[in-house]
Amino acid sequence: MVGPFRYTASAAQVIFGSGSLNRLAEAMTGQGGKRALILSTPHQKAEAERIATALGPLAAGLFHDATMHTPVDVTERAMTAYNAAGADCVVAIGGGSTIGLGKAIAYRNDALQIVVATTYAGSEVTPILGQTENGQKTTVRGPGILPEVVIYDPELTLGLPINISVSSGLNAMAHAVEGLYAQDRNPISSMMAVEGLRALKQALPQIVNAPGDIEPRSEALYGSWLCGTVLGAVGMALHHKLCHTLGGSFDLPHAETHAVILPHSAAYNAAAAADALKPAADLFGGSLGSGLYDFAASIGAPLALRDLGMKEADLDHAAELAARNPYWNPRPIEREALRALLQSAWEGARPR
Ligand SMILES: NC(=O)c1ccc[n+]([C@@H]2O[C@H](COP(=O)([O-])OP(=O)(O)OC[C@H]3O[C@@H](n4cnc5c(N)ncnc54)[C@H](O)[C@@H]3O)[C@@H](O)[C@H]2O)c1
Ligand SMILES: O=C(O)CCC(=O)CC(=O)O
């Protein structure tokens with residue numbers, strides 16, 4: 001039987017396709033934007049400068065210090081740049097770090113946000129902002145946080161390094177896996193989750209073999225949009241709580257941490273959410289935890305927390321933090337089982 005359910009569609013406008021970056025000025029002025037602060041990481045500064053040149057007088061300035069986990073001190077410097085430039089909107093070009101900075105600005109001043117998304121993290125289509133201050137990462141949700149327009153131009157992802165592509169793709173897949181067993185899931189979010197998983201499962205091995213091939217790049221960006229939309233639409237559970245803890249309190253890299261944890265969190269929840277996870281398990285050979293692990297290994301993803309810089313001595317503390325104020329999860333958060341999960345993930349063991 002279908003339902004009952006509640007589904008809230010995202011209000012963001014999506015412009016998808018090769019060459020869609022050319023529609024940036026039109027997208028910005030169409031929303032009433034006149035002076036944009038262009039945001040990027042230091043790594044994508046040149047791309048941001050090209051965008052500023054193309055926008056001409058619509059570009060009010062550049063800020064290229066976006067940083068992972070959205071530190072509040074960086075946001076404060078960006079706010080100063082925004083006000084000094086007389087900007088009325090932001091254009092964020094990049095992955096979740098740059099998009100997070102744009103959201104943090106909009107959270108404070110309701111700036112219009114135009115996003116050019118260049119990884120598979122999915123932040124561009126969520127009303128979620130994570131920020132870090134004094135070593136603590138906190139998350140807020142709110143309508144002003146969701147970017148108004150998202151441009152997906154696969155041409156811009158052709159140079160995304162293979163290792164980032166792989167980890168970022170698994171980060172997207174984690175949104176879909178958790179979306180499948182979310183308490184507030186609905187037929188639309190589950191359909192998007194399964195299609196997102198299918199698209200990324202198909203695209204990532206092809207990207208590893210031919211990173212400059214536009215077809216799998218388009219497929220991966222399409223899959224990441226779907227998975228990100230699921231993240232924005234329904235609640236996340238143990239997997240996201242763990243990654244949030246490991247990223248915010250132990251400064252582990254975001255996408256790589258998702259990539260390592262996903263097989264283990266999926267295995268943890270496999271029995272408790274067997275029906276909801278069946279379409280995903282079917283995609284990965286029947287057993288979701290080991291299937292995801294084998295898939296991740298086959299595309300060269302990181303498999304062990306120890307390889308990301310996590311200290312074994314910190315695992316107890318991580319388990320304790322992750323068990324504190326837990327998100328709803330299909331299987332109860334059992335302290336010992338959670339500690340065992342972290343040990344397996346630290347060692348890079350294949351879940352059963
Ligand atoms: N709020 C949300 O809904 C949400 C969702 C997912 C991630 N996030 C946040 O996003 C951050 C991580 O984002 P991420 O994983 O996308 O990494 P990132 O944005 O830090 O990007 C990783 C690196 O890749 C570079 N890069 C990005 N796109 C590129 C491209 N096409 N070509 C070459 N280099 C490129 C970036 O400049 C950066 O140096 C974390 O802070 C995480 O918490 C938030
Ligand atoms: O860090 C954030 O902005 C929130 C993170 C989130 O909800 C998605 C993720 O962890 O990939």
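Would you check if there is a residue in segment 108-129 being surrounded by fewer than 21 Cβ atoms within 10 Å (Cβ to Cβ), more than 14 Å from the chain's Cα centre (by Cα), under 30 Å from G235 (Cβ atoms) and hydrophobic (A, V, I, L, M, F, W, C)? Yes, there is a match, as at least one residue in segment 108-129 is surrounded by fewer than 21 Cβ atoms within 10 Å (Cβ to Cβ), more than 14 Å from the chain's Cα centre (by Cα), under 30 Å from G235 (Cβ atoms) and hydrophobic (A, V, I, L, M, F, W, C). Residues that are farther than 16 Å from I128 by Cα and within 15 Å of ligand 2 (Cβ to nearest atom): does segment 213-220 have at least one? No: zero hits. Of the strands (runs of 3 or more DSSP E) lying entirely inside segment 101-178, those containing at least 3 residues that are more than 12 Å from ligand 2 (Cβ to nearest atom) and within 19 Å of M28 (Cα to Cα) are 112-117, 149-152.
When every residue of segment 62-76 is checked against the conditions, none turns out to be of a type in the set (G, A, S) and either farther than 23 Å from R35 by Cβ or at pLDDT below 95 (or both).
Under the condition of being closer than 19 Å to G289 by Cβ, under 24 Å from the mean Cα position of the chain (by Cα) and of a type in the set (A, V, I, L, M, F, W, C), the residues counted in segment 316-352 number 8. Scan segment 23-57 residue by residue and report those that are in contact with a Gly (Cβ under 7 Å, 6 or more places away or on another chain), away from ligand 2 (no atom under 16 Å from the Cβ) and not aliphatic (A, V, I, L, M). Passing the criteria: R35, S40, Q44.
Listed here are the residues, each with its yes/no results for (1) more than 8 Å from ligand 1 (Cβ to nearest atom); (2) of a type in the set (A, V, I, L, M, F, W, C); (3) without any contact (Cβ under 8 Å) to a residue 12 or more places away in the chain.
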site	(1), (2), (3)
G61	yes, no, no
H69	no, no, no
V72	yes, yes, no
T75	yes, no, no
A81	yes, yes, no
V90	yes, yes, no
I93	yes, yes, no
S97	no, no, no
G100	no, no, no
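For segment 184-194, state whether one or more residues are within 10 Å of ligand 1 (Cβ to nearest atom), buried (at least 20 other Cβ atoms within 10 Å of the Cβ) and either of a type in the set (D, E, K, R) or assigned to a helix (DSSP H, G or I) (or both). No, the conditions are met nowhere in segment 184-194. Selection over segment 286-306 of residues that are modelled with pLDDT of 95 or more and out of contact with any helix residue (DSSP H, G or I) (no Cβ under 8 Å at 6 or more places or on another chain) gives a count of 2. Quick check on L242: is it in contact with a helix residue (DSSP H, G or I) (Cβ under 9 Å, 6 or more places away or on another chain), part of a loop (DSSP other than H, G, I, E, B), within 15 Å of ligand 2 (Cβ to nearest atom) and closer than 20 Å to G135 by Cα? Against the criterion (in contact with a helix residue (DSSP H, G or I) (Cβ under 9 Å, 6 or more places away or on another chain), part of a loop (DSSP other than H, G, I, E, B), within 15 Å of ligand 2 (Cβ to nearest atom) and closer than 20 Å to G135 by Cα), L242 does not qualify.
For segment 250-272, indicate whether the set of residues that are assigned to a helix (DSSP H, G or I) and surrounded by fewer than 21 Cβ atoms within 10 Å (Cβ to Cβ) is non-empty. There is at least one residue in segment 250-272 that is assigned to a helix (DSSP H, G or I) and surrounded by fewer than 21 Cβ atoms within 10 Å (Cβ to Cβ).
A single entry from V14, V2 fulfils the requirement of being over 30 Å from D251 (Cβ atoms), in contact (Cβ under 8 Å) with a residue 60 or more places away in the chain and more than 23 Å from the chain's Cα centre (by Cα): V2.
Do we have any residue at all in segment 3-22 that's more than 16 Å from ligand 2 (Cβ to nearest atom) and touching a Gly at 6+ places or on another chain (Cβ under 8 Å)? No; the residues of segment 3-22 include none that is more than 16 Å from ligand 2 (Cβ to nearest atom) and touching a Gly at 6+ places or on another chain (Cβ under 8 Å). Among the residues of segment 132-155, some residue qualifies, meaning at least one is at pLDDT 95 or above, hydroxyl-bearing (S, T, Y) and either within 29 Å of A274 (Cβ to Cβ) or in contact with a helix residue (DSSP H, G or I) (Cβ under 7 Å, 6 or more places away or on another chain) (or both).
Find the residue count for segment 221-239, including only residues that are aliphatic (A, V, I, L, M), farther than 22 Å from E148 by Cα and not in a loop (DSSP other than H, G, I, E, B). I'd like the intermediate steps shown before the answer.
Applying the first criterion (aliphatic (A, V, I, L, M)) to segment 221-239 yields 221, 226, 230-231, 233-234, 236-238.
Add one more test, that the residue is farther than 22 Å from E148 by Cα, and what stays is 236-238.
Cutting the leftovers down to not in a loop (DSSP other than H, G, I, E, B) gives us 238.
Qualifying residue count for the region: 1.
The values are calculated or read from the model by the stated rules, or taken from the named source; none is laboratory data. Nothing here was measured: the structure is a model prediction, and the numbers come from that model. All Cβ positions, even for glycine, are placed from backbone atoms using ideal geometry, and neighbour counts span all protein chains on display.
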